[in-house]
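Some notes on the structure that comes next.
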Amino acid sequence: MPNEGNITHSQYDHWIPQPNSSEPEPDGADPDRGKDLGYLVPNLSVSWTVMPSFNNPPPATEPQGDEESSTDVPATPPIRVDLSGVRATEIALLRAAQTAVDAYQGLREHVLSVQDDVFGQHDTDLEKDPIGYGTSVQENPGEIQPIAWNFAASMNPAMEKALFFMGTTMELVGEYIALVNRTGQTYSEVDRNSRFPTEGTSNEVVT
């Protein structure tokens, strides 16, 4: 679509739907058209109500492939870590994640509950019965129904994929928070296992 200033038009901006047209949408076929992608949409929750203590050792890590664990201690300069700052950051991230998950869950439930009729797929027109008496009416499918079903066939999978990407992004945020917690546990474990060198020296170590 042509640009007008800083505005980029979508394929639907200049498309006029026709109820009797065999062309469901412009610019070719939609590969997800008519698919039910609801199974992709994750159901999220925040599993940590109490954060694991930094006094706990970090989870063990399995070697990857041919990688072997090393017992060599690398030369390391003095390390100073503010674990209270790490915990404060973790708390802030966890609160933000809970807010985002609550908002996502509300959006997820709303989209999945209304997607079958929100576009007018079941719209009807009420008409008086020409051979009846009084005010008898009958319901006929509305003129918008063919357009609504065509639109929903592409829009519903698109919304489900959007929810999928939002959900998986939130899962990555959760993994990041877990890594922050593991960082605190790792620094604490390093501190607990730190020892003054005694081998190869005859000097008394004063503590």
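The values are calculated or read from the model by the stated rules, or taken from the named source; none is laboratory data. Bear in mind the structure is a predicted one, so any value in this text is a computation, not a measurement. Cβ placement follows ideal geometry from the backbone for every residue including glycine, while neighbour counts extend to all protein chains displayed. For the accessible areas, the whole protein counts, side chains as well, though only heavy atoms, and no ligand, DNA or RNA atoms are used. Shrake-Rupley method; radii C 1.70, N 1.55, O 1.52, S 1.80 Å.
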Legend entry - Sole exception among (1) more than 17 Å from Ser53 (Cβ to Cβ); (2) surrounded by 13 or more Cβ atoms within 10 Å (Cβ to Cβ); (3) modelled with pLDDT under 90 for Val173, by number: (3)
Inset, instruction - Determine the pairs where a residue that is modelled with pLDDT under 70, located within segment 47-76, has a partner that is open to solvent by less than 100 Å² (accessible area, probe 1.4 Å) with Cβ atoms under 9 Å apart, the partner being 6 or more residues away or on another chain. - result: Ser69/Thr61; Ser69/Pro63
Inset, instruction - Scan segment 183-207 and report the pairs whose first residue is farther than 13 Å from Val86 by Cβ and whose second residue is at pLDDT below 65, with Cβ atoms within less than 8 Å and a gap of 6+ or a chain change. - result: Phe196/Val205; Phe196/Thr207; Thr198/Val205
Legend entry - Selected residue (only one of Asp82, Asp13 is charged (D, E, K, R), loosely packed, with under 11 Cβ neighbours inside 10 Å and modelled with pLDDT of 85 or more): Asp82
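Modelled with pLDDT of 95 or more, acidic (Asp, Glu) and open to solvent by 50 Å² or more (accessible area, probe 1.4 Å): is that true of Asp129 in this structure? Reasoning before the result, please.
Working: modelled with pLDDT of 95 or more: no; acidic (Asp, Glu): yes; open to solvent by 50 Å² or more (accessible area, probe 1.4 Å): yes.
Taking the combined requirement at face value, the residue does not satisfy it.
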